[in-house]
Amino acid sequence: MVQGTDAAIGSAYDARAAEYVELAGSIEQMDARDAAVIAAWRDATPGRLLDAGCGPGHWTEFLSEDGREARGIDLSVKFIATAKSRHPGIAFEVGSFRELPFDSDSVGGILAWYSLIHTPPADLPEIFVEFGRVLAHGGSILIGYFDGEPGEPFSHAVAPAFFWSADALAELLVDAGFTIVSSETRGREQGEISARPHGSLVAVH
């Protein structure tokens, strides 16, 4: 059961799920550079993969290529229903990052692609600890985020969201027992879904 902020985020995405799926519900609508980053991380990360904040499941399906075991979790009931319908061979469930429905040391990698942007900054440390709990030793996390002044809120189309920076995320991740492997940032090009600067970061636990 999700409560408080999680419930509000889930409800907000439920209300706009159909619109979101039409705009950004398939790999073909994603930037090829994002797909390349995620593919490289997937191929370098052994074990079961978790798509944390999977939305309609397109990245989860991408993670499952070549027979990889991938699962998706999201706060939005409608996103999970869409994901199950579109990708019937993959396990999806409604749930919160604060209490992941997985055993300790049972996941090889966690993809959190723009799914932490709505989390209040003060809540991120506990979520990184929870991610670390389910990751196997040496497990990896790939985070996608909007690059900007750390913790600064901005008006998102669905729910309030926050900018982050590689340095600020790295500090929180190190405190949670992670080691930073790599990070990258870039501006946007014409035709991308978002105009806000992009960042991604890889860390191991």
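The values are calculated or read from the model by the stated rules, or taken from the named source; none is laboratory data. Computed from a predicted structure; not experimentally measured. Neighbour counts run over all protein chains shown; Cβ positions are idealised from the backbone, glycine included.
Screening residue 13 against (1) out of contact with any strand residue (DSSP E or B) (no Cβ under 9 Å at 6 or more places or on another chain); (2) closer than 21 Å to residue 196 by Cα; (3) of a type outside the set (Gly, Ala, Ser) leaves a single unmet condition, (1). Criterion applied to 43, 14, 34 was being under 24 Å from residue 205 (Cα atoms) and surrounded by 14 or more Cβ atoms within 10 Å (Cβ to Cβ), and the one residue passing it is 34. Restricting attention to region 159-194, the residues being surrounded by fewer than 16 Cβ atoms within 10 Å (Cβ to Cβ), assigned to a loop (DSSP other than H, G, I, E, B) and on the phi < 0 side of the Ramachandran plot number 8.
Annotation note: Cβ proximity below 9 Å between a residue of region 158-169 that is among the charged types (D, E, K, R) and a residue that is in a strand (DSSP E or B) (sequence gap 6+ or interchain) occurs for 167/183. Scan region 46-61 for residues that are more than 19 Å from residue 14 (Cα to Cα) and either surrounded by fewer than 23 Cβ atoms within 10 Å (Cβ to Cβ) or acidic (Asp, Glu) (or both) and the total you get is 4. Looking across region 128-158, the residues that are crowded, with 20+ Cβ neighbours inside 10 Å and assigned to a helix (DSSP H, G or I) come down to 128, 131, 134.
May I ask you to say which residue of 115, 200, 96, 106 is more than 17 Å from residue 54 (Cα to Cα) and either touching a helix residue (DSSP H, G or I) at 6+ places or on another chain (Cβ under 9 Å) or of a type in the set (Ser, Thr, Tyr) (or both)?
Values: 115 fails: more than 17 Å from residue 54 (Cα to Cα); 200 fails: more than 17 Å from residue 54 (Cα to Cα); 96 fails: more than 17 Å from residue 54 (Cα to Cα).
When all the criteria are applied, what remains is 106.
What do you reckon, is residue 106 over 15 Å from the mean Cα position of the chain (by Cα), at pLDDT 95 or above and within 19 Å of residue 68 (Cα to Cα)? In short, yes.
Taken together, the criteria place residue 127 among residues that are modelled with pLDDT of 95 or more and either among the aliphatic types (A, V, I, L, M) or out of contact with any Phe, Trp or Tyr (no Cβ under 7 Å at 6 or more places or on another chain) (or both). Report yes if some residue within region 24-33 is at pLDDT 90 or above and more than 16 Å from the chain's Cα centre (by Cα); otherwise report no. Checked against the condition, which is being at pLDDT 90 or above and more than 16 Å from the chain's Cα centre (by Cα), region 24-33 yields at least one hit. Regarding residue 92, is this residue at pLDDT 95 or above, buried (at least 16 other Cβ atoms within 10 Å of the Cβ), closer than 21 Å to residue 140 by Cβ and out of contact with any Pro (no Cβ under 8 Å at 6 or more places or on another chain)? The answer is no for residue 92. Could you please find all residues in region 122-181 being among the basic types (Lys, Arg) and under 23 Å from residue 37 (Cα atoms)? Correct list: empty. Being under 24 Å from residue 74 (Cα atoms) and free of Cβ contacts under 8 Å to residues at least 40 places away in the same chain holds for only one residue in 149, 126, and it is 126.
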